[in-house]
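Contents: one structure, followed by commentary.
The values are calculated or read from the model by the stated rules, or taken from the named source; none is laboratory data. Here the structure is a predicted model, which means the values were calculated and not measured. Because the Cβ atoms are built from the backbone with ideal geometry, glycine has one as well, and the counts that use them run over all protein chains shown.
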Amino acid sequence: MTLQEAQQTVDNWIKTYGVRYFSELTNMAVLTEEVGELARVMARRYGDQSFKQGESDNLSDELADVLWVLICIANQTGVDLTTALEQNIAKKTSRDATRHKLNQKLK
């Protein structure tokens, strides 16, 4: 699935099952909540914490939740994520062409 297809699929789902998009501010709060849930899984899987009884190691689902809300925000604010990502990669490539290669901390 391309980013464009993902944006269209989420939009169709919202219009079919979700009634309407939550407000942009609400979706920003939901995105923050979802990132927190992702952080919890990461801390337990890769960090020093362990899973509590009843918690699940659902990394892929938490990543998908973050992506879903991010796509919602892009859709409701008119951002084409394909174009945005392409422009962002070009910016990073131009800006950081040698930065990381020359970073002694990464050697």
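Miscellaneous remarks
- Within the stretch 21-58, the residues that satisfy the criterion of being in a helix (DSSP H, G or I) and of a type in the set (D, E) are E24, E33, E34, E37.
- Condition met for R20 (surrounded by fewer than 11 Cβ atoms within 10 Å (Cβ to Cβ) and touching a helix residue (DSSP H, G or I) at 6+ places or on another chain (Cβ under 8 Å)): yes
- Qualifying positions in the stretch 59-107 - at pLDDT 95 or above and β-branched (V, I, T): V66, V69, I71, I73, T77, V79, T82, T83, I89, T93
- Flag if L102 is free of Cβ contacts under 8 Å to residues at least 60 places away in the same chain, part of a helix (DSSP H, G or I) and over 25 Å from M1 (Cβ atoms): no
- Within the stretch 71-107, considering residues that are basic (K, R) and exposed (fewer than 10 other Cβ atoms within 10 Å of the Cβ), the one farthest from E24 (Cα to Cα): K107
- Scope the stretch 26-85; condition closer than 18 Å to T2 by Cβ and of a type in the set (D, E); matching residues: D80
- Tallying residues that are part of a loop (DSSP other than H, G, I, E, B), more than 18 Å from the chain's Cα centre (by Cα) and within 12 Å of I71 (Cβ to Cβ) within the stretch 1-20 yields 0.
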